[in-house]
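A short worksheet on the structure shown next.
Every number here is computed from the coordinates shown, using simple stated rules; none is lab data. Model, not experiment: these values are computed from the prediction. Methodologically, a virtual Cβ is constructed for each residue, glycine included, from the backbone with ideal geometry; neighbour enumeration extends over all protein chains shown.
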Amino acid sequence: MIGIFDSGLGGLSVLSAVASLLPQADLTYLADTAHVPYGDKDDAFIRRRVLRIGRHLVDQGCQVIVVACNTATAAAVAALRDALPGIPVVGVEPGIKPAAAATTSGRITVLTTTATARSERLSRLIRQHAGSVQVDVLPCPGWATKVETVHLDDPGFVESARRHLAPSLDSGADQIVLGCTHFTFLSPSLAPIVAGRAALVDVADAVARQCLRLAGASARGAGRLTLLATAHPERLQAALPALGLRWLTGKLAAPVRHTAV
Ligand code: DGL
């Protein structure tokens, strides 16, 4: 079984990519909805949650763990790998490398949570993969919460996102990296804003391919999905159709369950 988790709904974008690429894998997705958003929390708090959830998923029988959250990966993927020897741990990091390879203007913008923006891990990723490119990191506080409330096409949000992105687009950025898994669900609102000027860069499919490489026997199961939430399980259940993921309900053996972690 493969365990996938996020602070809330954002990691469903990764879950969907993994379930598409590994249709036979048994998957458990845990949304830490009692503590969303992570992006406003300090690193010590995020690390505690990541370690508890990772151990919980292993106790449930998961043999591979996917940290479907850029914020949690930045703060704690190294600690989780140390805590779970022998368990492959896949993290999610902003697609700086593909964006740096694709830019023709030499300027890219990375949209992140506040916590990811300040992380040493993101600075290192930029140094490693985008040495000759101008990279602007743009924190987007409140965007993950917008996804949690599933108000995806709120005209007020679209207008504020347009204003938020304008300086980057005006400066010539031609790659806009979605550096938070929640932001995938904002793509329908963001795409018209950047149209003709920049591409949106998402790594969900690349993460699924990495999962495929590491899954081994975990890729061969009955294709069952278990969904867990640390608060408001009914909201996670209702979010699936609202986020365009109705097809995943066909894999559910039981309704979304509350879990205390
Ligand atoms: N989905 C998460 C990420 O990829 C975090 C959003 C949040 O909880 O602030 O960064």
Burial ordering of Thr109, Thr103, Thr114, fewest other beta-carbon atoms within 10 Å first: Thr114, Thr103, Thr109
Name the long-range amide H neighbours of Val201: under 5 Å, sequence gap of 5 or more, or other chain; modelled H, no Pro or chain starts. Ile176, Val177, Leu178
Mind listing the phi-derived Karplus ³J(HN,Hα) values for the stretch 76-88, rounded to whole Hz, using 6.51, -1.76 and 1.60 with θ = phi - 60°, and x for any glycine or proline? 8, 5, 5, 5, 5, 4, 5, 6, 10, x, x, 9, x
According to the Cα gyration tensor, what semi-axes, each the square root of 5 times an eigenvalue, does the equivalent ellipsoid of the stretch 145-245 have, listed from largest to smallest in whole Å? 30, 20, 9
Tell me which residues come under 5 Å, amide H to amide H, from Asp136 once H is placed; ignore anything under 5 positions away on its chain. Ile108, Thr109, Val110
Of the residues Ser13, Ser189, Ser132, which exhibits the maximal mean-square fluctuation in a Gaussian network model of the chain defined by a 10 Å Cα contact cut-off? Ser132
Taking Thr112, Thr249, Thr71, Thr28 and counting other C-beta atoms within 10 Å, the order from fewest to most: Thr249, Thr28, Thr112, Thr71
Residue by residue through the stretch 67-73, the couplings from Karplus 6.51 cos²θ - 1.76 cosθ + 1.60 with θ = phi - 60°, in Hz, x for Gly and Pro, are 8, 8, 7, 5, 5, 5, 4
Starting with the fewest neighbours, write out Arg257, Arg49 ranked by other beta-carbon atoms found within 10 Å of each beta-carbon. Arg257, Arg49
Filtered hits (lysines, Cα-Cα < 18 Å from Lys41, offset >= 8 within chain) -> Lys146
Read phi for every residue in the stretch 4-19 and hand back ³J(HN,Hα) as whole Hz from Karplus 6.51 cos²θ - 1.76 cosθ + 1.60, θ = phi - 60°, with x for Gly and Pro. 10, 9, 8, 5, x, 7, x, x, 4, 5, 6, 3, 4, 5, 5, 5
The chain, helix-only ellipticity at 222 nm - DSSP H runs n ≥ 4, -39,500 (n - 2.57), divided by all residues, nearest 500: -13000 deg cm²/dmol
Could you state, as a whole-number percent, how many of the C-alpha pairs of the chain are farther apart than 26 Å? 37 percent
Of Ala68, Ala34, Ala229, the most mobile residue in a GNM of the chain (C-alpha springs, cutoff 10 Å) is Ala34
The long-range amide H neighbours of Val64, using H built 1.01 Å from N in the peptide plane and a cut-off of under 5 Å, are Gly3
